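Structure first, commentary second.
The values are calculated or read from the model by the stated rules, or taken from the named source; none is laboratory data. Given the structure is predicted, the values throughout are model-derived calculations rather than measurements. Cβ coordinates were reconstructed from backbone atoms using ideal geometry, including for glycine residues, and neighbour counts include every protein chain displayed. With ligands, DNA and RNA removed, areas are computed over all heavy atoms of the protein, side chains included. Shrake-Rupley method; radii C 1.70, N 1.55, O 1.52, S 1.80 Å.
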Amino acid sequence: MRSISIAATAAACLALAACAYKAETISTPAYNVPLSYTAKIGGKWLLAVDTDRFSTVVRSSGMQCAAHNYPLDLKGSFETSVRQTLENVFQDLEVVEKPVPADQLAARGARGMISIRGEDIRGRLDVIPGFFTSAMRTRVELATAVTVDGRRGRLLGVTVDGDAEADGEAGFACEGGSRALAEAAGQAMRDNLRAVAEALGNASQLR
């Protein structure tokens, strides 16, 4: 039944001359973060994550598979990954929908406000022809802006990048690009969040 379904899907794609293969991403937190301190950052901290810009559509860089597109949406997976990563850095972390002003932090019993905003996401997909089958090489690059405000003003501000590559088989009707992109995106998120956690965890002004 599965082969029939795949064949039917491929036939429908070919009939329409194009298909959108969504890259399904999952939470990929960074746990192995090199820190200069053994203890977590004490006190209560608020966390707001803005991922509005973390979605894009990737297309093949060449003529092969050019008729297809690969939607890449990291909004949900990145937000979850941020929380899971920083729970290992901060003693008490509360997620909020939007940043809380500095003059309201004391009333909420919080030492500071952590804001992480997705700035940019870029994806690339190259098709590498082979003798029997073609391969796909993908790359995903992320940029995030990280700020931390205490009760008396700004404590930290930094921009962090993350990038990764992943290869995979093109598969029938070029559907393999979505799997390779999802793998590259997961690794890029982990790379980005490892740097975020390192910057926050090693910041003496937060301790």
Show me the ranking of peptides 54-63, 106-115 by mean Cβ neighbours inside 10 Å, starting with the highest. 106-115, 54-63
Hey, what do the phi angles of the stretch 41-47 turn into as Karplus ³J(HN,Hα) couplings, whole Hz, using 6.51/-1.76/1.60 and θ = phi - 60°, x for Gly and Pro? 6, x, x, 9, 10, 8, 10
Using helices alone, I'd like the mean residue ellipticity at 222 nm for the chain: each DSSP H run of four-plus residues gives -39500 (n - 2.57), total over residue count, nearest 500. -8500 deg cm²/dmol
State, in angstrom, two size descriptors of the stretch 88-146 derived from its alpha carbons: Rg to one decimal place and Dmax to the nearest whole number. 20.9, 66
So what's the convex hull volume per residue for the Cα atoms of the stretch 30-149, in Å³? 126
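With a 1.4 Å probe and every protein chain kept in, tell me what percent of the accessible surface of the chain is carbon plus sulfur. Before the final figure, lay out the partial values.
Working: 5390 of 10850 Å².
About 50 percent, which is the carbon plus sulfur part of the accessible surface.
At 1.4 Å probe size, with every protein chain present, just tell me what the per residue accessible area of the stretch 6-206 comes to in Å². Don't skip to the answer; put the middle values down first.
Values: 10140 Å² over 201 residues.
So the stretch 6-206 comes to 50 Å² accessible per residue, rounded to a whole number.
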Would you please state the base-10 log of I(q)/I(0) at q = 0.18, 0.20 1/Å for the stretch 131-207, with intensities from the Debye formula using one equal scatterer on every alpha carbon? -0.73, -0.82
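For the stretch 63-137, run through the chymotrypsin sites (Phe, Trp or Tyr not before Pro) and keep only the ones in DSSP coil with at most 14 other Cβ atoms within 10 Å of their Cβ. Intermediate values should be presented prior to the final figure.
Numbers: sites: Phe78, Phe90, Phe131, Phe132; in loops: Phe131, Phe132.
The qualifying sites are Phe131, Phe132.
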Measure nothing but the geometry: give the 0 to 90° angle between the long axis through the Cα atoms of 75-86 and the longest principal axis through the Cα atoms of the chain, rounded to 10°. 40
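Can you check how the C-alpha radius of gyration of the chain compares to 2.2 N^0.38 Å, as a plain ratio?
On the way: Rg = 20.4 Å, N = 207, 2.2 N^0.38 = 16.7 Å.
Output field value: 1.22.
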How much accessible area does Thr38 have with a 1.4 Å probe, in Å² rounded to the nearest 10? 150
